[in-house]
Amino acid sequence: MSEPTNDDVNEARDISEVPAVEVINTVAVHMLSAAAVKLGLSDGPDAESEKDLDEARKLINALAGFVTAAAPEIGNHHARPLRDGLRSLQLAFREASTFPDAPGQGPGEKWTGPVN
């Protein structure tokens, strides 16, 4: 294992100054974006070829658990837009599915409840 470089130490020092709510929001936004791409919702010309519902399901499930667990810690002010984004993804998943899951059985609905 190599010794940490000055860049590694500076990076660790920088992350130590970032409030937890910002780290949580950043991770959630990355997951939201990745799930949107896997649902074929990106703006690029390759959007349809990037569509992968199995991968989208995994990301939405993970995001739902993450947001549900984080909400009490980050407060409603920060959690509400994450929940709204999650719900939009869940609805987009249902719409993109050839055979939609039963209510309450879609991705993330274990944690969020049925999404209509």
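A short reminder: the numbers here are calculations on the coordinates, not readings from a lab. Only a predicted model underlies this, so the values are computations on that prediction, with no experimental measurement involved. Cβ coordinates were reconstructed from backbone atoms using ideal geometry, including for glycine residues, and neighbour counts include every protein chain displayed.
Restricting attention to the range 68-77, does a residue exist that is free of Cβ contacts under 8 Å to residues at least 12 places away in the same chain, under 13 Å from ASN25 (Cα atoms) and in contact with a Phe, Trp or Tyr (Cβ under 9 Å, 6 or more places away or on another chain)? Yes; the residues of the range 68-77 include at least one that is free of Cβ contacts under 8 Å to residues at least 12 places away in the same chain, under 13 Å from ASN25 (Cα atoms) and in contact with a Phe, Trp or Tyr (Cβ under 9 Å, 6 or more places away or on another chain). Just one of (1) assigned to a helix (DSSP H, G or I); (2) free of Cβ contacts under 8 Å to residues at least 12 places away in the same chain fails for LEU63. It is (2). Restricting attention to the range 34-55, the residues that are surrounded by fewer than 15 Cβ atoms within 10 Å (Cβ to Cβ) and outside any loop (DSSP other than H, G, I, E, B) total 1.
In the condition set (1) closer than 17 Å to ASN25 by Cβ; (2) surrounded by 16 or more Cβ atoms within 10 Å (Cβ to Cβ); (3) without any contact (Cβ under 8 Å) to a residue 40 or more places away in the chain, VAL115 is compliant with all but (1). Residues that are of a type in the set (Asp, Glu) and in a helix (DSSP H, G or I) were ranked within the range 67-112; the one that is surrounded by the most Cβ atoms within 10 Å (Cβ to Cβ) is GLU109. When the residues of the range 80-116 are filtered to those that are among the aliphatic types (A, V, I, L, M) and more than 17 Å from the chain's Cα centre (by Cα), the one that is nearest to ALA35 (Cα to Cα) is ALA96.
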